[in-house]
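Each remark here refers to the structure printed beneath this line.
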Amino acid sequence: MFGFLKKRKYKLPKDYELEARDFIFLENLVKILPKKFSFLQEHINKEFLLNKSKMLLKENGNISFGLDEELFHKYKRESFADSSKILNIEVRNKITFDIESINIHLLNGVFWGYYLNPATKFEDLDFNNFNIQNIRFLEFKNENKVFLKNLIGGVSNDLLSKLDLESTFKIEIEEGDFYVIKNLGDGNYLSMDNKGAVYGMIHDPYEIEQIFNNKEKFFEALKSGEFNINDYYERKVNAV
């Protein structure tokens, strides 16, 4: 999914960096949308979109962005569902003359990612030759958020503010079902299983590490400062 990130001291791998061609593609994409989605144009900037990565457990071609947390809260729209999609944006390929279908992923009404055939090059798309008559807008209510909040129970707002419960989602993999409690960015997460144990989920190299065997120990360590989420992630990244 999404990543609430702040600019880091270490250098990102080349594949994660956003280039001028990325922004040109995104600017062209949102400009052809119907007027009701024109607010998305404000989201395409280097201060907000910090990096890119492949979406975890999604079809190849789905790309998500690391987002600046402060700007996310500025841009988010309460009238939108937790997750939504703009589907079937059609653009002609100048080389193959095929119609390319592009989807946009939104989080609380914020531009968060897109789908494009991975074989398609940005520069091959003709944004003067497009069709938006077949666009569909889908919203998804987040039942996982309700489950997770009930699982966590009574915890202070100060501690909850360190997490991303409002944008949680469930990851279903061989090891079990996990509910994201903090998006660390670049496809990495802190998560909680349905019994309240807390895990670090690192995708490159793939690792699922139990950090706390129950939620009480996790919140105690978070409150005392014994456990720091940013420090944990820095250790995992620098160990790679």
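The values are calculated or read from the model by the stated rules, or taken from the named source; none is laboratory data. Just so you know, these numbers come straight off a predicted model, no measurement behind them. Neighbour counts run over all protein chains shown; Cβ positions are idealised from the backbone, glycine included. Each accessible area value is taken on the protein alone, full model and side chains, heavy atoms only, with ligands, DNA and RNA left out. Shrake-Rupley method; radii C 1.70, N 1.55, O 1.52, S 1.80 Å.
Here are the numbers:
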quantity	calculated
Out-of-range pairs (alpha-carbon distance over 29 Å; input Lys162/Lys236; Lys46/Lys76; Lys85/Lys170; Lys35/Lys145; Lys85/Lys182; Lys74/Lys145)	Lys35/Lys145
Sequence ranges 35-47, 184-196, ranked by mean other-Cβ count within 10 angstrom, highest first	184-196, 35-47
Rounded to 10°, Cα long-axis angle of helix 20-31 versus longest principal axis of the chain	70 degrees
Mean Cβ count within 10 Å, highest first, over the residues of peptides 150-156, 102-108, 121-127	102-108, 121-127, 150-156
Helix 229-239 axis, angle to the chain major axis (alpha carbon atoms, nearest 10°)	70 degrees
Rounded if a/c under 1.5, otherwise prolate or oblate - segment 153-240, Cα gyration tensor axes	oblate
Per residue accessible area of segment 67-162, 1.4 Å probe, in Å²	55 Å²
The chain: translational diffusion in µm²/s, Stokes-Einstein, Kirkwood Rh over Cα pairs, 20 °C, 1.002 mPa s	112 µm²/s
Estimated distance in nm for a label pair at Lys145 and Gln133, the labels positioned 7 Å out from Cα along Cα-to-Cβ	3.6 nm
Residues of type aspartates and glutamates that Lys195 reaches as a straight line, Cα spacing below 13 Å, ignoring anything fewer than 8 places off in the same chain	Asp177, Glu216
Difference of contour (0.36 nm per residue) and Cα-Cα distance, Asn88 to Glu216	41.6 nm
Hits among aspartates and glutamates - C-alpha to C-alpha of Lys121 under 12 Å, sequence gap 8 or more where chains match	Asp22, Glu100
Vicinal HN-Hα couplings computed from phi for segment 32-42 (Karplus, 6.51 cos²θ - 1.76 cosθ + 1.60; Hz; Gly/Pro x)	8, 6, x, 4, 5, 9, 5, 4, 5, 4, 5
Rounded percent of accessible protein surface that carbon and sulfur make up, segment 23-117, 1.4 Å probe	46 percent
Amide N of segment 120-139 lying under 20 Å from the label point, which is placed 7 angstrom from the Cα of Phe97 along Cα→Cβ	120-121, 123-131
Helix-only CD estimate at 222 nm, as mean residue ellipticity for the chain, using -39500 (n - 2.57) per DSSP H run (n ≥ 4)	-6500 deg cm²/dmol
Per-pair calculated FRET efficiency, R0 = 25 Å: Asn45 and Asp124 via Cβ, rounded to 0.05	0.55
Cα Rg, Dmax, segment 90-176, angstrom units	19.3, 57
HN-Hα J in Hz across segment 152-159 - Karplus 6.51, -1.76, 1.60, θ = phi - 60°, x for Gly and Pro	6, x, x, 10, 4, 4, 4, 6
Over the chain, relative contact order from alpha-carbon pairs under 8 Å, at least 6 apart, %	16 percent
Approximate spin-label separation His203-Lys35, in nm, with each point projected 7 Å along Cα-to-Cβ	3.8 nm
